[in-house]
Amino acid sequence: MINDAIQDAAQGKTGIQLNRVNRPLVIADIKAYRGYSFLVAHVYDGGKTVGQIIAPMQEITSLAGKITEIVEASCDRKTPIAYDLHTCNDAIYKETLSSAYVLAQMKPKSACNECSVIMDDTRTQEALDDIYIKEVEGEKEQDKQEIKERSAREKLKQFFKKMRDKVAGFMRRLGLSAR
């Protein structure tokens with residue numbers, strides 16, 4: 001084994017070229033698209049791409065937890081899975097440092113190019129528009145409409161209360177009994 005390692009090193013082979021990769025590699029970044037932020041993760045296992053995931057940041061409570069969930073869903077291994085993480089984003093790096101199964105490394109943007117390639121793909125952008133952005137904007141519009149309806153109902157309710165109080169006051173002045 002040691003002789004093989006020396007021989008491989010002399011030939012300039014690395015771990016990936018030798019197919020000795022023991023842990024999955026995740027390249028992750030946070031990308032913005034149309035005013036929304038998305039966690040983009042590219043997962044390699046055994047030197048092959050096993051997952052390309054985009055998750056809206058609005059729905060993520062823990063970056064480290066979400067990335068671990070992505071790795072577990074993408075890799076066919078027993079959990080918990082230890083993995084390497086390359087990122088150029090400070091928030092991802094800081095949050096994953098405390099995770100026991102993650103070896104996080106801060107890399108330059110050029111080393112995390114996979115995330116940009118995923119987000120810049122026109123098919124990806126069309127899918128995000130159809131699946132997420134239209135849905136979120138539709139929900140916002142629906143919320144605005146509900147607020148308008150509620151405020152109209154409240155105004156009407158207040159108007160009727162005032163009218164009832166005025167009629168009751170008028171009836172009292174006339175000497176009639178009002179409930």
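Rule-based calculations on the coordinates, nothing more; no lab input. Every value quoted in this text rests on a predicted model; they were computed, and no experiment measured them. When we count neighbours, we look across all protein chains shown, and the Cβ atoms used for this are built from the backbone with ideal geometry, even at glycine.
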Computed for the chain: size of charge dipole around the Cα centre, +1 on C-beta of each Lys and Arg, -1 on C-beta of each Asp and Glu, debye to nearest 20, value 1880 debye
Helix-only CD estimate at 222 nm, as mean residue ellipticity for the chain, using -39500 (n - 2.57) per DSSP H run (n ≥ 4)
-15000 deg cm²/dmol
For the pair D129/R34, report the inter-label distance in nm, with labels modelled 7 Å from Cα in the Cβ direction.
0.7 nm
So how strong a dipole does the range 15-84 carry about its Cα centre when Lys and Arg Cβ are +1 and Asp and Glu Cβ are -1, to the nearest 20 debye?
140 debye
Counting other Cβ atoms within 10 Å, which trypsin sites (Lys or Arg not before Pro) in the range 71-147 have at most 15 and lie in a DSSP loop?
R77, K78
Let me know the charge dipole size of the range 47-101 about its Cα centre in debye, to the nearest 20, where only the beta-carbon of Lys, Arg (+1) and Asp, Glu (-1) is charged.
140 debye
Say the dipole of the chain comes from +1 at the beta carbon of Lys and Arg and -1 at that of Asp and Glu; which of V26, Y44, A127 then lies farthest toward its positive end?
A127
Length gained, F159-I81, 0.36 nm per residue minus C-alpha separation, equals 21.9 nm
Between I147 and E59, take the C-beta separation as r, use R0 = 25 Å, and let me know the FRET efficiency to the nearest 0.05.
0.65
